Each structure stands twice: as C-alpha cells, then as structure tokens.
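The values are calculated or read from the model by the stated rules, or taken from the named source; none is laboratory data. Predicted, not measured: the structure shown is a model, and the values here were computed from it. FYI the Cβ positions are ideal-geometry reconstructions off the backbone, even for glycines, and counts take in every protein chain you see.
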Amino acid sequence: VADDGYRLWLKYDRVADASRLAQYRAAAQFVAASGGDAVLTTAAAELQRGLQGLLGQAVPRLAAPASTKRGILLAIDPSANVSGSSASRDGYQISAQGKNLVVKGRSGAGVLYGVFALLRQLQTGQSVANLSLTSSPRIQYRLLNHWDNPNGTVERGYAGSSIWKWNELPQRLDPRYTDYARANASIGINGVAINNVNASARYLTAEYLDKVKALAGVMRPYGIRVYLSVFWAAPKVIGGLKTADPLDPQVQQWWKAKTDEIYRAIPDFGGFLVKANSEGEPGPQDYGRNHADGANMLATALGTHDGIVMWRAFVYKAGSDDRFKQAYEEFKPLDGKFSPKVLVQVKNGPIDFQAREPFHPLFGAMPQTPLVLEVQITQEYLGMATHLVYLAPMFKECLDADTQTKGPGSTVARVVDGSLDQHRLSGIAGVANIGTDRNWTGHPMGQANWYAFGRLAWDYTLPSAAIAKEWTQMTLTREPKAVATIVELMDRSRDVYVRYTTPLGLHHIMGQNIHYGPEPWLAQAGRPDWTAVYYHKADSLGLGFNRTATGSNALALYSAGVQQQWGNPTTCPLNYLLWFHHVGWKQPLRTGRTLWNELVTRYYTGADSVTWMQQRWASVQPAVDPALHADVAARLAIQRREALWWRDACVLYFQTFSKQPIPAPFAPPT
Ligand code: GCW
C-alpha cells in the first residue's frame, strides 16, 4: 500500500532489524499501569499500540507487573527525578528497574511524554538495554496557533481546509481530532489555540462554546488544553453593549461572565490569545486605552481560573515611519504594567515572518514581562506547500540569537524560557501548517516542521540535524545512507531558499497579497509599506534599508553590543546587511566580491542548489516509499522552476538600478 502520509511520524511499522526486534520483544512483554488518571490511561494505550506495531505482536496491559516476565511499568510519581526545571510537571524519567523498564512522570502528561520518548527509541532503532533517560521541557506553554476560520478556511493555510468541522460539532467527533492530539502530544505540545487571531466573535457564543467543549474533551486525555483567540469587540457584537472599552464596568462584567461560562464548560480551559489594534482589528486603543489595559482586563476576568492571556505584539498599521519599530514603540513603555497572568507574544521577526529576519528587538527589552516567541510553521513566505524548506534552522537562529541585554549569553531562548529574568511563566507558539490534506501538511516534508517545532519547544538545545534525523527515521526510511542524505538536504534547505529569494538581508519583496513568488518592482499599493520598493530601496547608488542613525534608526532599539556589531556595514553579518544598510553596488564585501556580484552569486548558487537538492532526493529513491518519493520529486521540480523565476526576476530587476553586468561564471554566453 502506498504511504499516504496520514500516520505522520507515528507509523509504528514492524522493526526490520532482527536482533533489535528480539531485544524489544524480550523487554516488553507487558505494560503495567495502575490508577485511573485519564492521561496515564492514554499513555498505556499508546504504548500498547506502538508496541503492537513495532513488535508485530500484542502486548497485554496488566494492573501490576508480572513476576516472571519483563515489561514496562508506567507510574505517576510526584517526586520523580526529572532533569531540568524543578517546577515542571511534564518531565519524565525512564530507567531500568530490575528486569523491568519504568517510565515515571510527575503527572499523567509526564508519563505520556515518557512513553513517546521510549517509543521514539524503538522507532529509531536504539538499544533499550539499561535505558536511562530523563528530560523536562524548558518552556512551559508549548502551543500551536491555528488560523482557522469558522467557514472552514485557514488563513495562510496550504494543506486544505480547517480540520475542525464546526457544522458537525459537537455531535460528531472526527477521528482526525484524536490523531491530531496524539501527534501533538508525541512532540510535547500541550496547548492549542484553535481559531484564527483575526477572530470571529462567534466562537464565544453558547452555540460554539459547546463545540469547543467537545474538542477540549478530545484533547484532555492527551494533556492538551484548548485556548481561544478572542475578538476584542465581542461585547458589542454578541453582547449587545455599546462599547468594548476595557475600563467600562459593563464590559469588564461581560468578560467576567463569559469567562466563567467557558470554565463551567471547560474546567481546564487554557486562556485567551488576542490580536488587537493591528491590521484594522479592534482593540483597547479605540477607546484611548493601551494594550496593558486590554490584557489586564482579560486577566482579571480569568480571576482564579488557571488560565493565561497571550497578547500579541504584532501591531501593524499605516503611518509608522518604519514598521520595524512599531511593536517596540507600543510595547516597551508598557513593561511592568502587565498583570502576572499576561504574556506578550512576539513574532519572529520585527516585520513579519520573512525567510530571514534579525531577532525582534523586544526580546531583552521587556525584562518584567514574560514574552512568548511566535514562529510560523505554515510557510507563508517560505514557498507555501511547494518548496521544501526545513524550518528548524530558522527557529534556532532566532532562539540562539544573543540580545546581549544582560551581557553575552542573553539569548532569545533564555528570554523566552524565563531564565534570564526569572519569570514563572514561559511560552512558545507556532502557527500551524496543517489542514485536511490526507498527509496533513500538503508538502510531505512539511510534517518535519510541525515535528521540529514541538521538539524545539520542548528543548531548544536539540540540533536541527538531530531532529531531522529522528523525524526521517520515523517517517521516511531507516536506511543509514539515505537518512544522512535527507538530513543534509533538509538542514541546508532554508539557507538555499533564502539565497534564491532574499539574499543578504533583502526582505518583503514577494508577490503582494498572496505572498508568493517575486515582485520586487511593486511600487504602488494601498500604502507605501505594502510595496516592495519601500523595503529594498534600490536606487542608482545601491540597495538596502538604512536603519542606522542616518536612516530610520531602528537599530537603536537593540542593546549597545548588537548595535555596535550590526551598525557597521563591515561587521554586520552579511545575512542581515540589507536589513540595516543601504550599500553601494560596487562596495566590496568580506567575501571579496562587490555587493552586486555577491547578490548575483547568491541568487545563482541558490537556484543551482535546488538542482543539488533534486539530485540528492533522486539518490534516495530506493529507500523511500515510491508514491511519497514521487510527490516530493515533483514538488522539487516546481521549486527548481520557481527558484529560476525568483533569480531571474530579482537579478534583472535590480540590474536596472545597478547597471552592472552579470559576473562570470553566471553571465549567459555571448
Ligand atoms: O503575516 C501576516 C499575515 C496575515 C496574518 C498576520 C498576523 C493572521 O499575512 O495573514 O493575519 O501576519 O500575524 O496577524
């Protein structure tokens, strides 16, 4: 049967290696778990399911360990010795105890994560002899954000429609919901905001809350809490009030009652995600209030319920002299003004979700406020579902960036995990890339981005290549040479994409509205900052956005150390050069080439690298499912064609300003 991709990385196909199979069969003759905890029950069932597939035989669940056989014990133990943050309830410990293996967690969720870690050992062919593994997540709230609308569309979704079938809920629970929950739990995701940040007020009606309650019921046994994006003006739209002013007592009362209503239906409801006063959405500023007034009002409505407010810092409106600075200007002054239940959610990066952005200057600049890092898993600006771009290197580039706000080592990761400023709350969010396509993500390799997000949310120190390797082994093939080839291809893919689309720090030169393909010539749109020329500023002298003191001075938002490095074009990393500097066409760069020649070189070598990717992919053909292989190969052919489109469009367009020839060896034969 052709592999349709539905099972993701949880295939549980029978282990091919005979000696490993024998080892696993000997070690896993029963599963024992006691107690009625719902998540523990899920863990036991998942373990049985996994073992059945991997071992090719049913493994019974017992109430207590069998004395004569070797098996796997699952136990909730509040004092389990899990490494990492002592506060974490999600950590696990796997160890050999006599003849048995024991998976312990401080909660049912901890055991469930331990079970998935154990299954991963088997799926990737590791030994389980004397196994000893402990792990706990570095970040507490690990969420997917869905941009799903009530009509079934997904904003910036490229894998079909929304998986939530609102017309069927709450009576019919599509089995896909459970598989979705399993997949998330397997990578440690513990929360899902199920609806678009451009929220409809409808989700807060009694009719919809009943549906949300049903979904929460599916997620709960997997340790996943449901969150809602809320429409700021809901008290007006569905509450019949004349205002949505956060300081108005009636508005406050409305949210309080609404929140209580939600918690009556969903006692473990996670909280609210809010996009306010951005891109035309309503918000507290409509009433002369600020973001903190709005967020704190919702926090007060949450009261003693165990929920949080994630307030997005992606604010974007016309009129700012440089959109880069807007979030900082609105939020930095509010540091210290947010209630303890509020986290401010900051995008990677300052403009949008471009293929490469410098880290957002709010990281490190709001020490009194827990900041959630928001990354985009759906490839809005990275080739949607046709280009193969593995995103872990991009997520890590952001997490590893050093804000230097408290000296060297003040990384974005340490801001986000709360360790830099000793925050109790910490969070990370990924905008989901999944839909109703049979394989969930459209591009089969897009699954790896969902997977990598979860793994990095759990532990951002994992190397991108290591994550790619385990995903490949679980999903595509265990043939060592093919694995190595695929991992290399994946790990280089994001740099390749940047080279043929936006090298050297170019940004926002993609097609308008759809955000696909090149459109660097775009000069007329509803607003200047919807054009491409606003961002690249090509002229007869050079290329790039001057964000130094002689330009928009957005650089001043960073710490002194960062400013010092990035403010000087000779020390600014080439990857960020045109983010911050307008550079002369003939200016020599560190590579020994002029700006123009370097630009052309990157466009050409980037496009050529797609051919390399095609060749590498072709070489693994014997090791990968034929249908899946053909699917990826065909998408790579599109990618190659479109890489040439990007290259030629951008080089020829910028050449009208540089008036420089295409350098050898890229010049067409004369
Ligand atoms: O990148 C932009 C997208 C919008 C999106 C917005 C946001 C949900 O083009 O579609 O709206 O970001 O993050 O709010």
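Conditions tested, residue by residue: (1) of a type in the set (S, T, N, Q); (2) under 28 Å from LEU555 (Cβ atoms); (3) surrounded by fewer than 20 Cβ atoms within 10 Å (Cβ to Cβ).
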position	(1), (2), (3)
HIS581	no, yes, no
ASP608	no, no, yes
VAL620	no, no, no
VAL624	no, no, no
GLN639	yes, no, no
TYR653	no, yes, yes
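Out of curiosity, is PRO518 buried (at least 18 other Cβ atoms within 10 Å of the Cβ) and over 18 Å from TYR576 (Cβ atoms)?
Yes: the conditions hold for PRO518.
So, in the stretch 469-519, of the ones that are among the aromatic types (Phe, Trp, Tyr) and in a helix (DSSP H, G or I), which residue ends up farthest from the chain's Cα centre (by Cα)?
Within the stretch 469-519, the first condition is being among the aromatic types (Phe, Trp, Tyr), and the residues that meet it are 471, 497, 500, 516.
Now restrict to residues that are in a helix (DSSP H, G or I): 471, 497, 500.
Details: TRP471: 16, TYR497: 18, TYR500: 23 Å.
Looking at the filtered set, the residue picked out is TYR500.
Return the residues of the stretch 47-75 that are within 23 Å of SER136 (Cα to Cα) and touching a helix residue (DSSP H, G or I) at 6+ places or on another chain (Cβ under 6 Å); say none if nothing qualifies.
LEU47, GLY50, LEU74
I'd like the full set of residues that are under 19 Å from ALA183 (Cα atoms) and in contact with a strand residue (DSSP E or B) (Cβ under 8 Å, 6 or more places away or on another chain), limited to the stretch 136-156. Give the steps one after another, and end with the answer.
Going residue by residue through the stretch 136-156, those that are under 19 Å from ALA183 (Cα atoms) are 136-137, 139-148.
Within the stretch 136-156, SER136, ILE139, GLN140, TYR141, ARG142, LEU143, LEU144, ASN145, HIS146, TRP147, ASP148 qualify.
Kindly check whether there is at least one residue in the stretch 484-501 that is out of contact with any helix residue (DSSP H, G or I) (no Cβ under 9 Å at 6 or more places or on another chain) and free of Cβ contacts under 8 Å to residues at least 24 places away in the same chain.
No, there is no match, as no residue in the stretch 484-501 is out of contact with any helix residue (DSSP H, G or I) (no Cβ under 9 Å at 6 or more places or on another chain) and free of Cβ contacts under 8 Å to residues at least 24 places away in the same chain.
Being more than 20 Å from GLY188 (Cα to Cα) and either acidic (Asp, Glu) or not assigned by TED's automatic domain parsing to the domain that holds LYS325 (or both): is that true of GLU380 here?
In short, yes.
Assuming TRP147 fulfils every condition listed in (1) over 20 Å from ASN433 (Cβ atoms); (2) within 16 Å of the ligand (Cβ to nearest atom); (3) under 20 Å from the mean Cα position of the chain (by Cα) apart from one, which condition is it?
Failed condition: (1).
Just to verify a result, which residue in the stretch 538-558, among those that are among the polar types (S, T, N, Q) and in contact with a helix residue (DSSP H, G or I) (Cβ under 9 Å, 6 or more places away or on another chain), is nearest to VAL651 (Cα to Cα)?
Result: SER540.
Here are some conditions: (1) within 16 Å of the ligand (Cβ to nearest atom); (2) farther than 23 Å from ASP400 by Cβ; (3) part of a loop (DSSP other than H, G, I, E, B). GLY319 meets all but one. Which one does it not meet?
Only one criterion in (1) within 16 Å of the ligand (Cβ to nearest atom); (2) farther than 23 Å from ASP400 by Cβ; (3) part of a loop (DSSP other than H, G, I, E, B) is unmet by GLY319, namely (1).
Could you give me the residue pairs with C-beta distances under 7 Å whose first residue belongs to the stretch 574-601 and is of a type in the set (D, E, K, R), whose second residue is part of a loop (DSSP other than H, G, I, E, B) wherever it lies, and which are 6+ apart or on separate chains?
Close Cβ pairs (under 7 Å, with a partner that is part of a loop (DSSP other than H, G, I, E, B)) amount to GLU598/LEU589; GLU598/THR591.
What are the residues in the stretch 143-175 that are under 25 Å from MET384 (Cβ atoms), surrounded by fewer than 22 Cβ atoms within 10 Å (Cβ to Cβ) and without any contact (Cβ under 8 Å) to a residue 60 or more places away in the chain, if any?
Residues satisfying the conditions are ASN149, PRO150, ASN151, GLY152, THR153, GLU155, LYS165, TRP166, ASP174.
Any chance the stretch 340-360 includes a residue that's of a type in the set (Phe, Trp, Tyr), within 13 Å of the ligand (Cβ to nearest atom) and touching a helix residue (DSSP H, G or I) at 6+ places or on another chain (Cβ under 8 Å)?
no
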